[in-house]
Amino acid sequence: MNIWTFFDLAQPACLVCGLASGRGLPLCAGCEADLPRLGPACPRCALPEADPALPDPARALRPGSPCAHCRRHPPLTALTLAPCRYEFPADRLVQELKFHGRLPAARVLGHLLAQAATAAHANRPLPAALVPIPLHRKRLRERGFNQAERIAREAGRRLGIPVDTRALERTRHTSAQSGLDLALRRNNLVGAFRVVAPLPAHVAIVDDVITSGSTMLAVAETLAAAGVTTIEAWSATRTL
Ligand SMILES: [Zn+2]
Ligand SMILES: [Zn+2]
């Protein structure tokens, strides 16, 4: 390792502003403070409390309570976490990781996820394993890595939770989800995952972005059918 590599590891450049981050994370404190945070949200589905599509004055009186939709139709996930909205620059961190193989972005996203998980589990136990949403073998070969696994490894390292990449398999190479409407997305994913090894009773599914939530739901249904009783959904970002 030459001296510059060492310097870069000790004080990596901030992936957002490009300046020295001043700490052992490629994100400076200023850029971290400016990230598009999700803010107060429904603990079950992570939709923000102020979402005008969910008028529910009662929730203003009970911060942290589930939204009207989740109260009427409790989702499979006991908790959904998403520290950031999928907006600049958090969306860029995800895209840099996923499409340009910029692996340090996974350190930032894993750090944000671990931070959010710590806050959300002040009064409840952490999951016993993190299960990144697997890519199909074909996609994994093309990309060379699974971005969800990279994020999960960083979050797991920070929280002391093992990452299980063997129990859940993607059995079908589903066509790209973007561009499909909700019903087609659901259809596209039916039977796309399978559990091939035992999992603990309490796990968190990890992904880079929740868009429609249909992938998380398909995985949650697969895990529930395999006997997982407490399922959490952890995503670095969420579209609104
Ligand atoms: Zn910065
Ligand atoms: Zn909700």
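Values quoted throughout were computed directly from the atomic coordinates according to the rules given, and no laboratory measurement underlies them. In this text the structure is predicted, and so the values were computed from the model without any measurement. FYI the Cβ positions are ideal-geometry reconstructions off the backbone, even for glycines, and counts take in every protein chain you see.
Label zone of Ala197 (point 7 Å out along Cα→Cβ, amide N under 18 Å): in the range 225-239 this covers 226-228. Ordered by the number of other Cβ atoms lying within 10 Å of each residue's own Cβ, fewest first, Thr229, Thr222, Thr215 fall into the sequence Thr229, Thr222, Thr215.
For a modelled paramagnetic label at Thr211, 7 Å from Cα along Cα-to-Cβ, the residues of the range 108-149 in reach, with backbone nitrogen under 20 Å, are 132-149. Taking every DSSP beta bridge that has both residues in the range 35-238, what percent is antiparallel when rounded to the nearest 5? So the antiparallel bridges amount to about 20 percent of the total.
Round to a whole angstrom and tell me the spacing of the C-alpha centers of the range 75-99 and the range 189-240. That distance is 15 Å.
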